[in-house]
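Take a look at the structure set out below.
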Amino acid sequence: MAAPSSSSQSSTATPPTTHTTLAYTRTSEVEDLPHATKKPSAHQEDGRPSQEARDYVRVIPIPPRWPVVDTEDLSRFTITPQRMRMIVEAFKETLELGLSKPKQVVPMIPTYVFGWPSGTERGEYLAVDLGGTNLRVCLVRLTGAGKFEITQSKYRLTEEQKQEDGQKLFDFCGECLKAFTDLSIENGEFKQGEILPLGFTFSYPCSQDKIDHGELIRWTKGFGAPNTEGRDVVEMFRKSLALHNVPAEIVALTCDTTGTLIASHYVNPATKIACIFGTGCNAAYMERVRDIPKIAHLGIDPDAEMAINCEWGAFDSFEHEHLPRTKYDIMIDESSNKPGEQAFEKLISGRYLGEILRLVICQLIDEGTVFLGQNSYKIEIPYSFDTAFLSLMESDPTDELLMIIGIFTHFFALETTLAERQFFRALAKLVGRRAARLSACGIAAIVSKMGYLEEGCSVGADGSLYNKYPGFADRVHEGLQDIFGEKGRNIVTHHAEDGSGIGSAIVAAMTKVRKDAGLYPSL
Ligand code: GLC
């Protein structure tokens with residue numbers, strides 16, 4: 001078994017106190033692309049060089065080693081405010097459709113998390129988080145008044161584990177949890193013989209009939225474990241817990257976004273929306289039951305509220321009608337294990353941004369524009385260009401762009417010229433900015449659907465892109481102002497509370513309180 005990294009922390013979490021938003025600035029097309037030069041069509045119909053091509057040769061001086069690329073493709077990375085507003089409209093309609101009918105592309109999953117936490121939730125809970133990159137197991141002690149303590153261990157998932165039989169994957173989770181609970185008992189954190197309630201964060205789209213049930217609709221984020229899609233993952237995980245004799249009882253299945261929504265509201269009640277911008281991307285918010293027509297038959301009080309896991313990464317899947325895709329996006333989609341699916345996510349999330357940039361670079365290599373005479377096999381390996389490299393490239397503070405030199409020499413054995421490095425950095429900026437601006441479109445769609453613009457709202461956000469990519473949050477805020485004008489300033493994102501640990505424990509606590517009170521005990 002993989003060695004866990006373990007940590008323990010105690011928190012008296014307080015709401016965030018400062019938020020910085022950028023001054024409202026509009027962005028211009030393909031700005032900051034010093035070397036992207038429009039390539040004219042070189043020949044006329046009769047095969048002779050066109051006037052345009054001749055002018056181009058005459059007028060634009062290009063230092064010999066600068067990459068000359070076709071800007072038409074690169075300009076598609078830039079999303080104008082007008083285009084953003086069109087995307088928001090389509091997005092809003094899609095969200096409404098998902099609430100009205102089952103089995104829609106964006107499934108708008110009712111989570112059976114009824115309303116907000118009171119902040120007085122107490123008790124000890126286990127939380128297991130099967131996310132995109134790691135498996136995390138936690139012991140959470142909720143101590144009331146928005147306070148908690150958490151002890152956790154993390155295990156890295158291998159690529160093989162993501163593709164092997166689903167039951168084996170859950171058995172691995174059970175085995176890790178068993179090791180963790182044994183240690184917790186040894187450390188006196190809870191007693192031998194005690195069965196702890198468990199919140200299971202499973203961050204993939206699952207259709208739920210009740211809170212402790214969820215049929216996997218489809219794997220996302222590159223997972224492909226067979227014999228899992230269409231099955232109840234709670235049932236599968238229960239089997240694994242029994243197999244390893246784990247002293248835990250699953251009381252709630254949640255997704256990272258729902259957990260983040262609840263945990264963020266627990267410490268900052270102004271939070272109304274939660275987003276994850278990590279390996280995948282998604283959002284959750286609190287909806288009025290009367291506005292979820294597809295569950296009208298359950299007879300829930302129409303004035304009650306329920307968290308909705310949007311699974312918005314699926315927006316524009318299959319039809320590809322609304323999002324401008326470059327040829328690099330299409331290449332990623334077509335060579336993925338799920339072609340056509342998660343169209344929005346593939347333009348935004350950390351799993352894909354590095355790959356997008358790598359594909360642009362590979363095209364330049366094919367065209368003989370960069371790295372002439374060098375062996376480029378390393379960078380030609382799919383997914384070898386980590387999204388973390390984009391963060392580093394954008395934040396390189398040196399004139400010579402030494403960080404970028406380091407990335408290319410160390411990881412890809414490639415020498416770069418300063419001009420190439422500046423160009424690659426500009427490309428990273430295009431890709432990173434597009435991701436943030438599209439993310440703003442998703443947030444804007446929820447804000448506008450729920451009518452939060454005037455009163456404003458706080459958006460709890462988490463995930464590696466949000467937390468580590470320089471300027472990501474500022475670009476989201478800038479995007480919101482491009483969509484809504486000055487009022488866009490009313491919508492502010494902030495670093496969220498840990499959704500899949502604390503959030504999942506709070507959801508488990510809320511569920512126990514609800515069921516003990518006899519409120520919708522079968523849901
Ligand atoms: C993917 C998953 C979704 C999750 C998101 C962020 O989009 O389908 O459930 O919330 O990634 O982890």
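So who's got an amide H within less than 5 Å of the one on Asn282, skipping anything under 5 residues away but keeping other chains? H placed 1.01 Å off N, in plane.
Under 5 Å from the amide H of Asn282: Ile276.
Starting from the Cα-Cα distance between Lys487 and Asn375, subtract it from 0.36 nm times their residue separation and give me the gain in nm to one decimal.
Length gained, Lys487 through Asn375: 35.2 nm.
By the scheme Lys and Arg +1, Asp and Glu -1, what is the net charge of all other residues having a beta-carbon under 15 Å from that of Phe237?
In short, -3.
Out of the total accessible area of segment 375-523 (probe 1.4 Å, heavy atoms of protein only), what percent is carbon and sulfur?
Its accessible area is 55 percent carbon and sulfur atoms.
Using a 1.4 angstrom probe, figure out how much accessible area segment 182-254 has per residue, in square angstrom, rounded to the nearest whole.
About 41 Å² of surface per residue is accessible.
When the accessible area of segment 77-142 is split by element with a 1.4 Å probe, what percent falls to carbon and sulfur?
51 percent
Hey, which lysines would be in cross-link range of Lys92, C-alpha to C-alpha under 19 Å, not counting anything within fewer than 8 residues on its own chain?
Lys101, Lys103, Lys272, Lys294, Lys449, Lys487
To the nearest 20 debye, what charge dipole does the chain have about its Cα centre, counting +1 at the Cβ of each Lys and Arg and -1 at the Cβ of each Asp and Glu?
Dipole size: approximately 400 debye.
So, counting K/R as plus one and D/E as minus one, what does the shell of residues with Cβ under 11 Å around Thr493 add up to?
Result for the local shell: -1.
If R₀ is 30 angstrom, what is the calculated FRET efficiency for the pair Ser118 and Glu93, using the beta carbon separation as r and rounding to 0.05?
Efficiency, rounded to the nearest 0.05: 0.30.
Could you list the residues of segment 267-303 with an amide nitrogen less than 18 Å from a label point located 7 Å from the Cα of Ser336 in the Cα-to-C-beta direction?
276-283
Counting only protein heavy atoms and using a 1.4 Å probe, what share of the accessible area of segment 183-315 belongs to carbon plus sulfur, as a whole percent?
48 percent
Tell me, what does the Kirkwood hydrodynamic radius of segment 426-523 come to in angstroms if you use every pair of distinct C-alpha atoms?
Result for segment 426-523, one decimal place: 15.4 Å.
Label 7 Å along Cα→Cβ of Asp399; segment 407-429 residues with amide nitrogen under 13 Å?
none
Looking only at the chain, where both bridge partners belong to it, what percent of the DSSP beta bridges are antiparallel (to the nearest 5)?
65 percent
Rank-order 133-141, 296-304, 457-465 by packing density, defined as the average count of other C-beta atoms within 10 Å over each peptide's residues, highest first.
Highest to lowest by the protection proxy: 457-465, 133-141, 296-304.
Say R0 is 25 Å: what FRET efficiency, to the nearest 0.05, do Lys239 and Glu194 get from their beta-carbon distance?
The calculated FRET efficiency here is 0.70.
Across all directions of projection, what mean area in square nanometres is found for the Cα convex hull of segment 311-436?
In nm², the orientation-averaged hull projection of segment 311-436 is 7.7.
How much length, in nm to one decimal, is gained on full extension between Lys101 and Glu159, taken as 0.36 nm per residue of separation minus their Cα-Cα distance?
Going from the current span to full extension adds 17.4 nm.
The values are calculated or read from the model by the stated rules, or taken from the named source; none is laboratory data. As the structure is a computational prediction, the values presented were derived from the model and not from experiment. As a convention, Cβ positions derive from the backbone with ideal geometry for all residues, glycine included, and neighbour counts pool all protein chains shown. Remember, those area values only see protein heavy atoms, side chains included, never the ligands or the DNA or RNA. Shrake-Rupley method; radii C 1.70, N 1.55, O 1.52, S 1.80 Å.
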